[in-house]
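**Q** Shown below is the structure under consideration.
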Amino acid sequence: MRTQHLTFCICVTGLAVIYIGMALALPVGTWVSPGPGLFPALVGLLLLGLSISLLVESWRMDTRVVAERILPAGAPGRRVLGLVLSLIVYASLLTTLGYLVAGGLVTVVALRVLGMCSWRDTTLTAVVVAGASYGLFSVVLGVPLPVGAWIQ
């Protein structure tokens with residue numbers, strides 16, 4: 001079990017380093033005038049710090065610990081996998097569909113996977129979340145977001 005934990009932590013640490021590198025390829029700006037790379041760089045640093053702390057904890061783990069499941073069994077595990085898959089699809093379709101459409105779709109999928117009852121409530125929530133986040137980041141903060149290849 002310890003080897004699995006260590007392998008996972010090393011992989012997440014590597015992804016964090018790659019993510020930070022990609023974030024630093026964008027203009028970071030300053031604290032007064034942040035660029036589009038500042039927030040991703042901070043998130044990457046947070047991810048790196050957490051993965052290193054988990055790596056240390058896994059290294060110090062008692063090897064006699066009884067094996068435990070990484071994902072919950074049954075329906076909760078399927079929900080976790082559904083959310084992860086929806087985020088992967090979101091990331092792959094973001095530039096093609098644009099922020100508003102992709103963000104709305106991933107919100108619909110996430111809410112349905114989590115058990116939101118009616119399609120009306122799910123759709124209304126997705127439209128509000130996508131619109132409000134677009135307004136905040138694009139209009140208020142001036143962060144350029146993908147509009148979608150099908151619009152251009």
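Each value in this text was obtained by applying a stated rule to the coordinates, not by laboratory testing. Computed from a predicted structure; not experimentally measured. A quick note on method: Cβ atoms are made from the backbone with ideal geometry, for glycine too, and the neighbour counts reach across all protein chains shown.
**Q** Using the number of other C-beta atoms within 10 angstrom as an exposure proxy, rank SER138, SER86 with the fewest first. Intermediate results must be reported in sequence, preceding the final value.
**A** Values: SER138 15, SER86 18.
Least crowded to most crowded, the residues run SER138, SER86.
**Q** If you fit an axis through the alpha-carbon atoms of helix 2-24 and take the longest principal axis of the Cα set of the chain, what angle between them do you get, 0 to 90°, nearest 10?
**A** Roughly 30 degrees, rounded to the nearest 10.
**Q** With unit charges on the beta carbon (Lys/Arg positive, Asp/Glu negative), name the residue among ILE52, PRO76, ALA132 whose Cα is farthest towards the positive pole of the charge dipole of the chain.
**A** Farthest towards the positive pole: PRO76.
**Q** R0 = 25 Å: FRET efficiency of MET22 with LEU85, Cβ-based, nearest 0.05? Intermediate results must be reported in sequence, preceding the final value.
**A** Working: r = 22 Å, r/R0 = 0.87.
Calculated value: 0.70.
**Q** What do you get for the angle between helix 99-113 and the principal long axis of the chain? Use alpha-carbon atoms, 0 to 90 degrees, nearest ten.
**A** 50
**Q** At what distance in angstrom do the alpha carbon centres of the range 79-152 and the range 32-48 lie from each other?
**A** Cα centres, the range 79-152 to the range 32-48: 21 Å.
**Q** While we're on this one: Could you list ILE20, ILE10 in order of exposure, starting from the residue whose Cβ has the fewest other Cβ atoms within 10 Å? Mind dumping the intermediate values first?
**A** Values: ILE20 19, ILE10 13.
Result, fewest neighbours first: ILE10, ILE20.
**Q** Strictly greater than 15 Å: what percent of every Cα pair in the range 1-68 meets that?
**A** Working: 1309 of 2278 pairs.
Here the tail beyond 15 Å accounts for 57 percent of pairs.
**Q** What fraction of the Cα pairs in the range 74-152, stated in percent, has a spacing above 18 angstrom? Walk me through the numbers before you get to the answer.
**A** Details: 1429 of 3081 pairs.
Summing the P(r) of the range 74-152 above 18 Å gives 46 percent of all pairs.
**Q** Tell me what the chain gives for mean residue ellipticity at 222 nm when only DSSP H runs of n ≥ 4 count, each as -39,500 (n - 2.57), the sum divided by the residue total, rounded to 500 deg cm²/dmol. List each step's numbers first, then the result.
**A** Details: 5 runs with 99 residues, N = 152.
So the helix-based figure for the chain works out to -22500 deg cm²/dmol.
**Q** Turning to a different aspect of this structure: To test your reading of the geometry: what angle, between 0 and 90 degrees and rounded to tens, separates the Cα axis of helix 38-59 from the longest principal axis of the chain?
**A** 10
**Q** List, in order, the whole-Hz ³J(HN,Hα) value for each residue of the range 82-92 obtained from phi through the Karplus relation with A = 6.51, B = -1.76, C = 1.60 and θ = phi - 60°; use x for Gly and Pro.
**A** Taking θ as phi minus 60°, the curve returns x, 5, 5, 5, 5, 5, 5, 5, 4, 5, 6 Hz for the range 82-92.
**Q** Report P(r) for the chain: all Cα-Cα distances, bin width 10 Å, range 0 to the bin holding the largest distance, values in whole percent.
**A** In whole percents, the pair-distance histogram is 10, 25, 34, 23, 8, 0.
**Q** So who's got an amide H within less than 5 Å of the one on GLY98, skipping anything under 5 residues away but keeping other chains? H placed 1.01 Å off N, in plane.
**A** Under 5 Å from the amide H of GLY98: GLY148, ALA149.
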